[in-house]
């Protein structure tokens, strides 16, 4: 590409194309070299034909790239493809790539909130997400009220004239609780000054399974480190939403520098090519494992919305095309029993990351949610006997045998 804005070369994507086609073709462009696989632009800056052209590009009067902190073709292709996948045909939806999922949350809040604003956040969120709202934003005068994810009366009663943002994960980590996105969008958009925004962390489902914008959400957050990459190779984040909102995040990022590297963007962009088929495999394996665990005599309870017994099952069927690849289960005996199960596996990886082709297993109370107080853990349902499994793409019978070794020791 020669001193030209990547967006000028992005092809128009037919909205009628299927998701798998869009995840492979959307947002791509070829440079003058005519490469088939999208090029990786490892450069910090870009050159111009003249001083006048440089002035025009810097001023925004002529399309072009300036500096990879905020304009890089590899990053822009990733942003464009994610926007296409999340938009579901909606217009004026754009993306902003960030260095991690937490950077996506930070950038969105820094760009759209100010001192004196109020946030309502589900307490059923990733532990670090809970921490950034509970501890750090308060230092800058942004107050947060935490509510139960599916208690809509609490959401409504927590609204104030200063409420600017409602934040949630659905399905939640790690209990797979499912929130009614449309209902929360109505609360955000129809209370007091009607200016509150609904932000949904769509990490567990990805746009392959759920499109929150179609249910009224204003912004989507991703830890692209998870299923978007799919192989545990790199970090990345993404914000997707209406152009006027995400443009503000872009401006913040331009100043703050929470930038996604071109290399990571390229890895994540290529990961999207297999997202559809990978999510099918994750869901198939997770459903099979959840049903097997649900009948296991050593397991007290299984948390997976794909089970008809799960309280969010019917809502998940409405909002999602499938039930995801993450489940959790509880065993008697607290931490000692949970650790015994985790320590017995030989195939599953003992790590807190998820969304990998490799199945991972962890103890949320002492890893992902370890910074929560005991009271907050109790309110969030994070018991000492809880084990989370992010089901990968291995042979399902191997996974059953692997986890059964530990469960047999509890009987």
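Considering only residues that are in contact (Cβ under 8 Å) with a residue 12 or more places away in the chain, over 28 Å from residue 100 (Cα atoms) and surrounded by 16 or more Cβ atoms within 10 Å (Cβ to Cβ), which ones fall in region 24-56? The one that is in contact (Cβ under 8 Å) with a residue 12 or more places away in the chain, over 28 Å from residue 100 (Cα atoms) and surrounded by 16 or more Cβ atoms within 10 Å (Cβ to Cβ): 48. Of the helices (runs of 4 or more DSSP H) contained entirely in region 37-134, those carrying at least 1 residues that are at pLDDT 95 or above and under 17 Å from the mean Cα position of the chain (by Cα) fall at 73-87, 101-112. Residues of region 331-354 that are part of a loop (DSSP other than H, G, I, E, B) and either closer than 10 Å to residue 384 by Cβ or touching a strand residue (DSSP E or B) at 6+ places or on another chain (Cβ under 9 Å) (or both): 331, 333, 345, 348, 351, 352, 353, 354.
Examine region 355-367 for a residue that is in a loop (DSSP other than H, G, I, E, B) and at positive phi, and state whether such a residue exists.
Among the residues of region 355-367, at least one is in a loop (DSSP other than H, G, I, E, B) and at positive phi, which makes the answer yes.
Do we have residue 68 as out of contact with any helix residue (DSSP H, G or I) (no Cβ under 8 Å at 6 or more places or on another chain) and either without any contact (Cβ under 8 Å) to a residue 40 or more places away in the chain or under 14 Å from residue 265 (Cβ atoms) (or both) here? No; evaluated as a whole, the condition is false for this residue. Looking across region 382-399, the residues that are under 27 Å from the mean Cα position of the chain (by Cα) and not in a loop (DSSP other than H, G, I, E, B) come down to 386, 387, 388, 389, 390, 396, 399.
A quick yes/no check of all residues on (1) assigned by TED's automatic domain parsing to the domain that holds residue 177; (2) out of contact with any helix residue (DSSP H, G or I) (no Cβ under 8 Å at 6 or more places or on another chain); (3) within 30 Å of residue 380 (Cβ to Cβ):
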{"position": "38", "(1), (2), (3)": "yes, no, no"}
{"position": "54", "(1), (2), (3)": "yes, yes, no"}
{"position": "72", "(1), (2), (3)": "yes, no, no"}
{"position": "91", "(1), (2), (3)": "yes, yes, no"}
{"position": "108", "(1), (2), (3)": "yes, no, yes"}
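In summary, residue 336 fulfils each of the numbered conditions (1) free of Cβ contacts under 8 Å to residues at least 12 places away in the same chain; (2) crowded, with 23+ Cβ neighbours inside 10 Å with the single exception of condition (2).
You will find that of 137, 167, the residue that is outside the structural domain of residue 382 (by TED's automatic domain parsing) and either farther than 25 Å from residue 315 by Cα or modelled with pLDDT under 95 (or both) is 137 and no other.
In region 294-310 there is no residue that is over 26 Å from the mean Cα position of the chain (by Cα), on the phi > 0 side of the Ramachandran plot and surrounded by 15 or more Cβ atoms within 10 Å (Cβ to Cβ). Check whether at least one residue in region 122-136 is surrounded by fewer than 19 Cβ atoms within 10 Å (Cβ to Cβ), touching a helix residue (DSSP H, G or I) at 6+ places or on another chain (Cβ under 7 Å) and over 14 Å from residue 169 (Cβ atoms), and report yes or no. No, because not a single residue in region 122-136 is surrounded by fewer than 19 Cβ atoms within 10 Å (Cβ to Cβ), touching a helix residue (DSSP H, G or I) at 6+ places or on another chain (Cβ under 7 Å) and over 14 Å from residue 169 (Cβ atoms).
So in region 16-27, with the set limited to residues that are at pLDDT 90 or above and assigned to a loop (DSSP other than H, G, I, E, B), which one is nearest to residue 208 (Cα to Cα)? This residue is 18.
The values are calculated or read from the model by the stated rules, or taken from the named source; none is laboratory data. Small disclaimer: the values here were computed from a predicted structure and weren't measured. No Cβ is skipped: glycine too gets one built from the backbone with ideal geometry, and neighbour counts run over all protein chains shown.
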